[in-house]
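Encoded as structure tokens, the structure appears first; notes follow it.
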Amino acid sequence: MTPNDAPHWTIEELGRFLIAPDAGERLAPLGPQEGEGARGPGAIILDLTTARPEQIARFGPALFEQLPILPAVTIAVESGSADPDVLALRELFDVVVASTDEVAPLLAGFSETPVSALAFVQLLRSASDQSIYAGLIAESFVYSTLQSGAEFRRWLESRRRRPRRKRRRTEDIAPCRMERDRNRLDIRLTRPEKHNAFSRAMRDGVSEALQLALADPSIEEVVLSGEGDSFCSGGDLDEFGSFPDPAEAHVIRTTRSPALLLSRLGDRARVEVHGACIGAGAELPAFTKHVIASEDAFFQLPEVGLGLVPGAGGTASLPRRIGRQRTAWLGLSGARIDARTALDWGLVDEVRLGQHV
């Protein structure tokens, strides 16, 4: 079974199902008899449009107890009700969609990667109770685990089979540049030929610049931006899977962390984004207090579809700006949102006219 086979239930049907002590095992993307081919759908859909007060009163306790720990992605179809009990139930779900028409596109986003999808929503469920630091540590542990998983290996193999385009040598070009003007430090991503794909060298350069800002209190303003057509197209795919030891990669990821450094800068940092803001290009700006986007900016979290979770801090930063359920929708669907939607959601704080900020 796959997420596309996810059961659609009413409150009563789901409540009765969750009474069973093995309900979670029957839904999990890897069931208890995996060696024999058994596999749960990894997702469920609840139709809140049919919710009745007496159903919530009867089955609510089971739902409130089980939904936050269920080993499956939980999706609710919005009812539009203002009833406090319905609203409280709505908040338990990983994702809320406006109609049943939105369910299939959402499920399609993680139909091949249900294990990664589950890990993603489990991270988000716990994010609200954690500090940024704790959230980054948890995210990195999960990311490293999934690097050794079958879903990511399949993605790597499919990528290796694709013909590679020959690229000009850029080893001697610095991946980012610092410029200081009195009390302001500008940090610019400078890999425009790769849409500022976030490589290890870029991570190191950005980290060093942010460390400088933290060490020097006379730097009152830090501005992060990117050259070329995009702010940042996410992690450099050419480097994915190239680190031989996921455990050591975890240590590096949590030791040299632009996400943690940005969060420590507080009000001193702002980010100016344009074009593609994918993966790290959406995750890192969300740690700052002010994000300015040009009208051509768009935002996307594709990592779950690759068999991973966001690895630049997105499970810690985005929920603090747009909430857990919208973050889950972005990551599970892999869909893009434009600058105006990002402004409405709170992912950015200002949208400016023109191609570049």
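Karplus-derived 3J(HN,Hα) values for region 72-89, using 6.51 cos²θ - 1.76 cosθ + 1.60 with θ = phi - 60°, are 7, 5, 10, 10, 10, 8, 4, 9, x, 6, 9, 4, x, 5, 5, 5, 5, 5 Hz; glycine and proline are entered as x. Under a 5 Å amide H cut-off, with hydrogens placed 1.01 Å from N, ARG352 pairs with ALA293, SER294, GLU295 among residues at least 5 apart or on other chains.
Extension gain LEU87-ASP204, at 0.36 nm per residue separation less the Cα-Cα distance, in nm?
Values: separation 117, 0.36 × 117 = 42.12 nm, distance 4.41 nm.
Between LEU87 and ASP204, full extension yields 37.7 nm more.
For region 259-273, putting each phi into the Karplus relation 6.51 cos²θ - 1.76 cosθ + 1.60 with θ = phi - 60° gives couplings of 4, 5, 5, 4, 5, 6, 6, x, 5, 6, 10, 9, 10, 10, 10 Hz, in residue order, rounded to whole numbers and with x for Gly and Pro.
Please state the relative contact order of region 254-357 as a whole percent: Cα pairs under 8 Å, 6+ residues apart?
Values: 203 pairs, mean separation 33.0, N = 104.
With pairs under 8 Å counted, the relative contact order is 32 percent.
Counting charges near GLN55 (Lys, Arg +1; Asp, Glu -1) among other residues having Cβ under 13 Å from its Cβ returns a value of -3. Using only the alpha-carbon atoms, how far is helix 324-333 inclined from the longest principal axis of the chain? Give it as 0 to 90 degrees, nearest 10. The angle comes out at about 80 degrees. Seen from PHE93, the other residues with C-beta closer than 15 Å to its C-beta sum to a net charge of -3, counting Lys and Arg as +1 and Asp and Glu as -1.
Between 0 and 90 degrees, the angle of helix 200-215 with respect to the longest Cα principal axis of the chain falls at about 80 degrees. For the chain, the 222 nm mean residue ellipticity estimated from helices alone, with every DSSP H stretch of n ≥ 4 adding -39500 (n - 2.57) and the total spread over all residues, rounds to -12000 deg cm²/dmol.
Shape class of the chain from the Cα gyration tensor (axes a ≥ b ≥ c, square roots of the eigenvalues): prolate, since a/c reaches 1.5 or more and a/b is larger than b/c. Normalised by the number of residues in the chain, the average gap of Cα pairs under 8 Å and 6 or more apart makes the relative contact order 16 percent. Explain nothing, just the number: relative contact order of region 3-108, from Cα pairs under 8 Å at least 6 residues apart, as a whole percent. Once normalised by length, the contact order is 28 percent. First check a/c for region 1-127, with a ≥ b ≥ c the square roots of the eigenvalues of its C-alpha gyration tensor; if it is under 1.5, answer rounded, and if not, answer prolate when a/b is larger than b/c or oblate otherwise. Prolate is the answer for region 1-127, as a/c is 1.5 or above and a/b outweighs b/c. Angle, helix 53-66 long axis vs. longest principal axis of the chain, Cα atoms, 0 to 90°, nearest 10? For 53-66 against the chain, the angle is about 60 degrees.
Net charge around ALA293, counting only other residues with Cβ within less than 15 Å of its Cβ (Lys, Arg = +1; Asp, Glu = -1)? Taking every other residue near ALA293 into account, the sum is -3.
Any read-out appearing in this document is the output of simple, stated calculations on the displayed coordinates, not a laboratory observation. Fair warning: this is a prediction, and the values are worked out from it, not measured in the lab. Neighbour counts run over all protein chains shown; Cβ positions are idealised from the backbone, glycine included.
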